[in-house]
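Here is the structure we will look at.
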Amino acid sequence: MPARVIVVTSGKGGVGKTTSTANIAAALAKFGKKVVAVDADVGLRNLDVIMGLENRVVFNFIDVIEKTCKLSQALVKDKRVPGLYLLPAAQTRTKDAVNPQQMIELCEELKPDFDFILLDCPAGIEGGFKNAAAGADEALVVTTPEIPAVRDADRIIGMLESMGKSPIRLIINRLRPNMVQDGDMLAKDDILDVLSIDLIGVVPEDEGVIRATNNGEPMTMTLDSPAAHAYLNIAERLLGNDVPLMDLESYTSRGFFSWIKKLFKRRTRQY
Amino acid sequence: MKIPAILSRFKKPDAKITFERTYYGIKFFLPESLSDDDLLRTLAGIHAGVYKLPENEGLALDFQNRACSGKLILKLLAGLVWRNGVKIVAWLSSNPDTKKLFALSGLNIVEPAQEINNLKHAAEKTLDSVDNNNEVINEYPGWKIIYNSVRGGQRIETEGDVLLWGHLNAGAEVIAGGSVIVAGKLHGLVHAGAFGRNDVFIWAGIFETPQVRIANKLCYADKQSTTGWLKTVLITLENGSPLIREDKFINSRMEEK
């Protein structure tokens, strides 16, 4: 079966594309799949840092495209999880160094050896996005529950639809259930109403993400935080398994009053 | 022989105002070598019949590179526009300061688009054809129906009317020569009557946009002060101003739910 090529994109920067790519890739690898995470953010590479593989990068995918090295030489194998690979971006080049056709050819070259190819897309709607999206068949759109992020996600979804990508699924990242309850943050249903695409997962705001990012270890490798579980669930859903959405309130509501509140609550909100 | 200063105002100016027939009426070229007084005097001297244009036509004043003052604008309005009842469709200038002044004064600084004329002819032709030849009726732009939401960055442009059977998301635009109906949420920008028609409307299932445009009018909106925010509304032009009416029938049913 040929590899599934999925672009992880958002439009707006800083919403968690790279974190999502690293964690979903690691989770899929944990499920026994052979996965390559491709850093398509030429000139601003970060995926290697988040995956904790920056000290092992020798070649990058621009070198592969320019035939400076072989594809196998540029792939960095993650020794912690079998089947997880990174194809890094060049840090000293710009997004003009690659064109959509070259990206398509690169993905075609990767396809026979992998089950999943995850493309970490740069922010924006210009060349970098078009290059990354060109090689993909499916898309994961990451947004945070903020109006600018949702607006940019809407723009990106429109562009992905016009490029014929399908399915396009949504990850809502950094949701704070307590803020949603207080009416200070967009709720899941508000976002889905605007974006009108399938939701694949909701990742709660979690300090563990910062810790894991700085330690260079995807959270899904250790599974000691709510966000890690959310990413693992997303990976399972990508594999076609029916996994219910997490009850995020159980992670955020702590203490005696929360317990009393929970006891008397008639309805549990599902996220 | 040098003319004394006191008599110079009676001297016939050398530069002449020239005219050009255009698709929207007449364009006046006002030479910048004429002083403000000479300009006003020359315009006042033009036969009143010149200003009697058909109802759908107007006058464009091209000031070229003249540095116009607010005082001159007022004098032109009083001496030319209000006195002769003439419609000025464009105040043109290549001088940036003058252009800015015109824009600040709410005057139209671009020539009417050719589309107005094309549309006008299309409409006239359609009306004529009702009596003569039914086949030509299809030329009327008619309704454009969109069965899905329009996303940010997408733009719908049509000479006719628009029915959007979905949301108009923030950053999306509908530019229509006719009326616009947005069945879902109106977050984006709608311009109804974009080519000059005043008899158009905007109907929104849920009104939540910071700006709407009807004909040449622009209406800002916000949740604090605008009637019908987050409600079903009908927006029309009444006495030249945008008017937002809540759809009380639908809104009361929504509140019941």
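Computed from the coordinates by the stated procedures, all read-outs in this text should not be read as laboratory data. Not measured: the values here are computed from a predicted model. Neighbour counts run over all protein chains shown; Cβ positions are idealised from the backbone, glycine included.
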Worksheet item: Is one or more of the residues making up the stretch B:233-252 of a type in the set (Phe, Trp, Tyr), without any contact (Cβ under 8 Å) to a residue 24 or more places away in the chain, within 22 Å of B:ALA170 (Cα to Cα) and outside any strand (DSSP E or B)?
Response: no
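One line per residue, one yes/no per condition, for (1) within 14 Å of chain A (Cβ to nearest Cβ); (2) surrounded by fewer than 24 Cβ atoms within 10 Å (Cβ to Cβ); (3) within 14 Å of B:THR236 (Cα to Cα); (4) among the charged types (D, E, K, R):
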| position | (1), (2), (3), (4) |
| --- | --- |
| B:VAL162 | no, no, no, no |
| B:HIS167 | yes, no, no, no |
| B:GLY178 | no, yes, yes, no |
| B:HIS187 | yes, no, no, no |
| B:ALA192 | no, no, yes, no |
| B:VAL200 | no, yes, yes, no |
| B:THR209 | yes, yes, no, no |
| B:LYS217 | no, yes, yes, yes |
